[in-house]
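> Structure incoming, see below.
The values are calculated or read from the model by the stated rules, or taken from the named source; none is laboratory data. None of the values given here were measured: they were computed from a predicted structure. No Cβ is skipped: glycine too gets one built from the backbone with ideal geometry, and neighbour counts run over all protein chains shown. For the accessible areas, the whole protein counts, side chains as well, though only heavy atoms, and no ligand, DNA or RNA atoms are used. Shrake-Rupley method; radii C 1.70, N 1.55, O 1.52, S 1.80 Å.
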Amino acid sequence: MNNNKQQKNITVASLVLMIITTVYGFGNVSVSYEQMTYAGIIWFILAGVCFFFPAGLMMAEYGSAFHDAQGGIYSWLAGSIGEKWAFIGTFVWLSNWVLWLVASASRLWISISALIFGKDTTQSWHLFGLHGTQLIGVLAILFMIVSTYLSSRGMTGIKIMSSIGGIFMIVMNAIFIIASLIIICMNHGQFAQPITGWQSFIISPNKSFQTPITIISFVVYAVFAYGGMETVGGVINNMKKPEKEFPKGLIIGSIFTIVSYVLMIFMTGFSVNYNQDILHGNANTGNITYIVYGTLGRMFGQAFNLNPHISCIIGKIFTRAIALSGLIGMMGAFFVLLYSPVKSFIMGSNPKLWPKKATKLNKNGIPANAMWAQSIFVCLLIAVVSFGGSAATSFYQILTDMGNVAATAPYIFLIGAFPFFLKKNYPRDFRVFTNFKWTVTLVVFVEIIVCTGIIFTVIEPVLKGNYMTAFWTGFGPIFFALIAWIFYEVSRRRNHLK
């Protein structure tokens, strides 16, 4: 009886905070502003209303039906569309985290540079004949090897670093809001990025995002910004009255998250001018967050009529603060995500599909062999991308596009499987979708949004003749889906599985 009471400890407020913590990220704000400035706002609203909210309700019903399953989304898919597609879909989901490791192992050094020097200086680094992107690639590989070794030894204390990083990030978001409001008040309502009518909210000053195709491709950025709600659906059975409390928490959390993204993108324009601070400031998707905070600090000093030197010092303080919070949070998340998705996948799927060494757990309960296999692949991918001859902007754009597409692709499986899930009629406390025909219509609509964003993200660089970026952008989900399908079929036939 006591255990049951302890399990029912998720309140509406807790759920709202969980949704915000899981989904919201300031990095998404800064990248979106770098891509579209104010023109990104409308896409965040549409993605929130048309994707985030309905998909969250679907994840809630999944979580309610499979609340005792250990495999997470693998169990959801296996119980809806069968083990084969569950294996492929979850493998693509795992690829998202693999690509996150690739990007984060590289971006980590930008955080370190911003913390030490107050700005991104990585492109001027050189050692042993290596320079810029190549040196960052080598350092990322070394960090990956050391991290895999340490996390395979069960360093649970790393989770404390992740929590500290989360607290730092909340504080930094509060500082951003307060400083932005002070700047706009001290400047008598004058925006750093002027608003020239409704066109400012439709047309981006970024020449790379002014055609219909490139604008539609931005959908994948907006959808990616709302990713992660699949982890929230699993807590529904920890609520006392899930049929009432979960929808209420989801609505509040969804609205708060959507409004937060919209306001933060809008408020970035209080201090950051696109032409001056982004276009001529050597900004890319890897360092844009530090440029935004550095500019915020500098403009904060100028708002109080401080001399340029003092304003620049304030800017560097802001940059170092966001770098420190990002570095702590990234390192904590990095160590956990090295083993958590792999372990969840292996423990949830049929052990007969895997080689015995892959399913073997060490004394710390971690699949170390599988982790090292993952680490080797990540290191190879880092080497190929960093030594591929791309400039810094293209390098981080490739990593961002790869990660965004790979993070969005699993929703094709999760959302597409939902009608099949409803036909199974699993017992669950939480039900929203009771009309099957309307549910199928909604599923098709959401699938079109996700697929359109992915397709146009891949097509856009092709139209510009940038075939290398197009290849790397579409490489992630397609490659991993093929690997998963081949691996599954070979393992199934070898073990005589159905």
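> Go through the residues of region 142-161 one by one and say whether even a single one is charged (D, E, K, R), modelled with pLDDT under 75 and within 29 Å of Ala370 (Cα to Cα).
Keep residues of region 142-161 that are charged (D, E, K, R), which gives 153, 159.
Now restrict to residues that are modelled with pLDDT under 75: 153, 159.
Right, trim to within 29 Å of Ala370 (Cα to Cα) and you get 153, 159.
Yes, because at least one residue in region 142-161 is charged (D, E, K, R), modelled with pLDDT under 75 and within 29 Å of Ala370 (Cα to Cα).
> Further question: Conditions first: (1) assigned to a loop (DSSP other than H, G, I, E, B); (2) within 30 Å of Gln374 (Cα to Cα). Val342 passes all but one, so which condition is the exception?
Result: Val342 passes all but (1).
> Would you check which residues across region 301-329 are touching a Gly at 6+ places or on another chain (Cβ under 7 Å) and within 21 Å of Val146 (Cα to Cα) and list them?
Ile328, Gly329
> If the requirement is being more than 30 Å from Val262 (Cα to Cα), modelled with pLDDT of 75 or more and open to solvent by 10 Å² or more (accessible area, probe 1.4 Å), which of these qualifies: Phe87, Phe53, Phe91? It would help to see each step written out before you state the result.
On the way: Phe87 fails: open to solvent by 10 Å² or more (accessible area, probe 1.4 Å); Phe53 fails: more than 30 Å from Val262 (Cα to Cα).
Just a single option satisfies the conditions, and that option is Phe91.
> Then there is this: Would you check if there is a residue in region 105-120 being open to solvent by less than 50 Å² (accessible area, probe 1.4 Å) and under 18 Å from Val342 (Cα atoms)?
Yes, some residue in region 105-120 is open to solvent by less than 50 Å² (accessible area, probe 1.4 Å) and under 18 Å from Val342 (Cα atoms).
> Separate question: Considering region 58-75 alone, what residues qualify as being at pLDDT 80 or above and open to solvent by less than 10 Å² (accessible area, probe 1.4 Å)?
Met58, Met59, Glu61, Tyr62, Tyr74
> Does any residue of region 409-421 turn out to be open to solvent by 20 Å² or more (accessible area, probe 1.4 Å), out of contact with any His (no Cβ under 6 Å at 6 or more places or on another chain) and at pLDDT below 70?
No, every residue in region 409-421 fails to be open to solvent by 20 Å² or more (accessible area, probe 1.4 Å), out of contact with any His (no Cβ under 6 Å at 6 or more places or on another chain) and at pLDDT below 70.
> Output the residues belonging to region 345-381 that are assigned to a helix (DSSP H, G or I) and among the polar types (S, T, N, Q).
The initial filter retains those residues of region 345-381 that are assigned to a helix (DSSP H, G or I), namely 345-348, 351-353, 356-359, 368-381.
Answer for region 345-381, where residues must be assigned to a helix (DSSP H, G or I) and among the polar types (S, T, N, Q): Thr359, Asn369, Gln374, Ser375.
> Being of a type outside the set (Val, Ile, Thr) and open to solvent by 70 Å² or more (accessible area, probe 1.4 Å) is the filter; apply it to region 480-498 and report the residue that is farthest from Ser208 (Cα to Cα).
Keep residues of region 480-498 that are of a type outside the set (Val, Ile, Thr), which gives 480-482, 484-485, 487-489, 491-498.
Okay, now just the ones that are also open to solvent by 70 Å² or more (accessible area, probe 1.4 Å), so 482, 485, 493-494, 496, 498.
Details: Leu482: 31, Trp485: 36, Arg493: 48, Arg494: 49, His496: 51, Lys498: 49 Å.
Step by step, filter region 480-498, then rank; the result is His496.
> Within region 425-444, how many residues are without any contact (Cβ under 8 Å) to a residue 12 or more places away in the chain and charged (D, E, K, R)?
1
> While we're looking at this one, here's another question. Name every residue in region 341-360 that is among the polar types (S, T, N, Q) and touching a residue at least 24 places away in the same chain (Cβ under 8 Å), in order of residue number. Before you say what the answer is, go through the steps one by one.
First, pick out the residues of region 341-360 that are among the polar types (S, T, N, Q): 344, 349-350, 359.
The answer is Ser344, Ser349, Asn350.
> Check Tyr226, Tyr221 and return the single one that is out of contact with any strand residue (DSSP E or B) (no Cβ under 9 Å at 6 or more places or on another chain), open to solvent by less than 70 Å² (accessible area, probe 1.4 Å), at pLDDT below 80 and aromatic (Phe, Trp, Tyr).
Details: Tyr226 fails: at pLDDT below 80.
Selected residue: Tyr221, the only one of Tyr226, Tyr221 that is out of contact with any strand residue (DSSP E or B) (no Cβ under 9 Å at 6 or more places or on another chain), open to solvent by less than 70 Å² (accessible area, probe 1.4 Å), at pLDDT below 80 and aromatic (Phe, Trp, Tyr).
> On the basis of being surrounded by fewer than 18 Cβ atoms within 10 Å (Cβ to Cβ), over 29 Å from Ile19 (Cα atoms), β-branched (Val, Ile, Thr) and at pLDDT below 75, does Ile213 make the cut? Let's see the steps before the verdict.
Working: surrounded by fewer than 18 Cβ atoms within 10 Å (Cβ to Cβ): yes; over 29 Å from Ile19 (Cα atoms): yes; β-branched (Val, Ile, Thr): yes; at pLDDT below 75: yes.
Criteria met by Ile213.
> For Asp277, which of the numbered conditions (1) open to solvent by less than 20 Å² (accessible area, probe 1.4 Å); (2) modelled with pLDDT under 75 fails to hold?
The one condition Asp277 does not meet is (2).
> For region 122-139, enumerate the residues that are at positive phi and either among the basic types (Lys, Arg) or modelled with pLDDT under 75 (or both).
The first filter runs over region 122-139 and keeps only residues at positive phi, leaving 128-129, 132.
Hits for region 122-139 are Gly129, Gly132.
> Further question: Regarding region 130-137, can at least one residue be identified that is within 30 Å of Leu353 (Cα to Cα) and of a type in the set (A, V, I, L, M, F, W, C)? Outline the logic, then answer.
Taking region 130-137 and keeping what is within 30 Å of Leu353 (Cα to Cα), we get none.
Among the residues of region 130-137, not one is within 30 Å of Leu353 (Cα to Cα) and of a type in the set (A, V, I, L, M, F, W, C), which makes the answer no.
> Working only within region 249-261, note down all residues that are open to solvent by 30 Å² or more (accessible area, probe 1.4 Å) and at pLDDT 80 or above.
Step one: list which residues in region 249-261 are open to solvent by 30 Å² or more (accessible area, probe 1.4 Å), which gives 251-252, 255-256, 259.
Result: Ile252, Ile255, Phe256, Val259.
> Still on this model: Against the condition more than 18 Å from the chain's Cα centre (by Cα), farther than 18 Å from Asn173 by Cβ, of a type outside the set (Val, Ile, Thr) and at pLDDT 85 or above, how does Pro308 come out, does it pass? Full working, then the answer.
Values: more than 18 Å from the chain's Cα centre (by Cα): yes; farther than 18 Å from Asn173 by Cβ: yes; of a type outside the set (Val, Ile, Thr): yes; at pLDDT 85 or above: yes.
Spelling it out, Pro308 is indeed more than 18 Å from the chain's Cα centre (by Cα), farther than 18 Å from Asn173 by Cβ, of a type outside the set (Val, Ile, Thr) and at pLDDT 85 or above.
> With the condition kept exactly as written, say whether any residue in region 189-205 is at pLDDT 85 or above, among the aromatic types (Phe, Trp, Tyr) and either in contact with a Ser or Thr (Cβ under 7 Å, 6 or more places away or on another chain) or outside any helix (DSSP H, G or I) (or both).
Yes, that holds for at least one residue.
> For region 184-193, which positions are touching a helix residue (DSSP H, G or I) at 6+ places or on another chain (Cβ under 9 Å) and loosely packed, with under 13 Cβ neighbours inside 10 Å?
Step one: list which residues in region 184-193 are touching a helix residue (DSSP H, G or I) at 6+ places or on another chain (Cβ under 9 Å), which gives 184-187, 190-193.
Cys185, Gln190 - these are the residues of region 184-193 that are touching a helix residue (DSSP H, G or I) at 6+ places or on another chain (Cβ under 9 Å) and loosely packed, with under 13 Cβ neighbours inside 10 Å.
> Further question on the same structure: List the pairs whose first member sits in region 284-304 and is within 23 Å of Gln190 (Cα to Cα), whose second member is among the acidic types (Asp, Glu) and part of a helix (DSSP H, G or I), and whose Cβ atoms are under 6 Å apart, counting only residues at least 6 apart or on separate chains?
Ile288/Glu34; Thr295/Asp277
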